[in-house]
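Chemist: Just dropping this structure here.
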Amino acid sequence: MIQCQNITKIYKTGEVKTAALKSVTFTIKDGEFVAIMGPSGSGKSTLMHIIGCLDTPTSGEYLLDDKDVSKLSDDELADIRMQKIGFVFQSFNLLPRATVLRNVSLPLVYAGVSSEERERQAKEALKGAAFPEEFWNHYSNQLSGGMMQRVAIARALVNNPTLVLADEPTGNLDTKTGEMVLDTFQRLHQEQGRTIVLITHEQYVAEHAERIINIRDGNIVEDGKVKNRRVINNHNHHE
């Protein structure tokens, strides 16, 4: 599903060139749950931007669903983001004075989906993210951080993307709340077969995935299955 071949990204500041990624090669299969892990400045955010079609590599090939996205225009990249990728960020990015349902259905407004269909898909996505029904009409600023992040996950799922990209999704949450969010990702992966790429700098968070790609100074230093995977089985989702 994701094929990166010799991906290099060079930033120029005046005369100075900085290589954020140095000839990175890996493949992520359909339905895998992978964490990309590295310290700050390792190149993981640059890699996330390329995988998420928010940026293009300086050289190398990036194929998403067998389509070479490394050569697309900004408009074409925007189309791919809308159709194929669901984003979950550290800062939730919800509209504070909009209800949960409205926040989740928002991407469908841009996609030109009718209002009944938007509501139906938003409800499906909220169920998929294990978000309790009694809060669907709450405003997002009335929710706890963990619930806001689950709304953001539902919003990422609403256009039924082939890929869910989560950038430090537990970064603003305490450990227990973070576990609930990671549990949601694990279930999306197990029950719906979603392909999930999780970007994190924490080993503990990365161990919830099945495989970790470790990146440092723009190079992959390790790539392998998680030996003692942290699987969460508490399905009590109302905190």
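What follows draws every value from the coordinates through simple rules; no lab data is involved. All values derive from a computational prediction rather than experimental measurement. Every residue, glycine as well, gets a Cβ built from its backbone with ideal geometry; the counts of neighbours run over all protein chains shown.
Chemist: Taking every DSSP beta bridge with both residues inside the chain, roughly what % is antiparallel (nearest 5)?
Modeler: 55
Chemist: Once R0 is set to 22 Å, what does the formula 1/(1 + (r/R0)^6) return for the Cβ-Cβ distance between GLU76 and MET1, expressed as a FRET efficiency to the nearest 0.05?
Modeler: Approximately 0.75, to the nearest 0.05.
Chemist: In region 121-239, what % of DSSP beta bridges are antiparallel (nearest 5)?
Modeler: Details: 6 of 11 bridges.
Taking every DSSP beta bridge with both residues in region 121-239, the antiparallel ones total about 55 percent.
Chemist: Under 19 Å between alpha carbons, and skipping anything fewer than 8 positions from LYS176 in its own chain: which aspartates and glutamates qualify?
Modeler: Counting by Cα, and skipping residues close in sequence, LYS176 has these aspartates and glutamates nearby: ASP167, GLU168, GLU202, GLU207, GLU239.
Chemist: Give me Rg/Rg_expected for region 1-116, where Rg uses Cα atoms only and Rg_expected = 2.2 N^0.38 Å with N residues.
Modeler: Output field value: 1.23.
Chemist: I would also like to ask the following. What's the magnitude of the charge dipole for region 95-239 around its Cα centre, counting Lys and Arg as +1 and Asp and Glu as -1 at the beta-carbon? Answer in Debye, nearest 20.
Modeler: Its charge dipole is roughly 180 debye.
Chemist: Once the other residues with Cβ under 14 Å from the Cβ of LYS22 are scored (Lys, Arg +1; Asp, Glu -1), what is the net sum?
Modeler: +3
Chemist: Would you work out which of ALA122, ILE215, SER91 lies farthest towards the positive end of the dipole of region 2-225? Charges go on Cβ: Lys and Arg +1, Asp and Glu -1.
Modeler: SER91
Chemist: While we're looking at this one, here's another question. Of all GluC sites (Glu not before Pro) in region 118-206, which ones are in loop regions per DSSP and have a Cβ with at most 16 other Cβ atoms within 10 Å?
Modeler: In loop regions of region 118-206 (DSSP not H, G, I, E or B), the sparsely surrounded GluC sites (Glu not before Pro) are GLU202.
Chemist: Also, I was wondering about something else. Run through region 170-239 and list the trypsin sites (Lys or Arg not before Pro) located in a DSSP loop whose Cβ has at most 12 other Cβ atoms within 10 Å.
Modeler: Qualifying residues, ordered by number: LYS227.
Chemist: Students often get this wrong, so check it: of LYS123/LYS227; LYS44/LYS225; LYS123/LYS225; LYS44/LYS127; LYS12/LYS44, which have C-alpha atoms separated by over 25 Å? Don't skip to the end; give the middle numbers.
Modeler: Values: LYS123/LYS227 36 Å; LYS44/LYS225 18 Å; LYS123/LYS225 34 Å; LYS44/LYS127 31 Å; LYS12/LYS44 18 Å.
Beyond 25 Å: LYS123/LYS227; LYS123/LYS225; LYS44/LYS127.
Chemist: Using the Cα centre as the reference, give the magnitude of the dipole from point charges on the C-beta atoms of region 68-140 (Lys, Arg: +1; Asp, Glu: -1; all else neutral), rounded to the nearest 20 debye.
Modeler: In total the dipole reaches around 220 debye.
Chemist: If each residue of separation counts as 0.36 nm, what is the full-extension length gain between ALA19 and LYS67 once their alpha-carbon separation is subtracted?
Modeler: Contour length minus Cα-Cα distance gives 14.8 nm.
Chemist: Between SER144 and GLU202, how high is the FRET efficiency from 1/(1 + (r/R0)^6) when r is the Cβ-Cβ distance and R₀ = 22 Å? Nearest 0.05.
Modeler: For SER144 and GLU202, the calculated efficiency is 0.60.
Chemist: For region 194-218 and region 132-165, what is the separation of their C-alpha centers, rounded to whole Å?
Modeler: About 22 Å separates the Cα centre of region 194-218 from the one of region 132-165.
Chemist: Right, something else. Work out, step by step, the length gained on full extension between ARG230 and GLU134: first 0.36 nm times the residue separation, then minus their alpha carbon distance; give nm to one decimal.
Modeler: Values: separation 96, 0.36 × 96 = 34.56 nm, distance 2.97 nm.
Roughly 31.6 nm would be gained on extension.
Chemist: When the convex hull of the Cα atoms of the chain is projected onto a plane and the area is averaged over all directions, what value comes out in nm²? Don't skip to the answer; put the middle values down first.
Modeler: Working: hull surface 52.5 nm².
For the chain, averaging the hull's shadow over all directions gives 13.1 nm².
Chemist: Which of the aspartates and glutamates could a cross-linker span from LYS22 if the Cα-Cα distance has to be under 12 Å and same-chain partners fewer than 8 positions apart are dropped?
Modeler: Partners within reach: ASP217.
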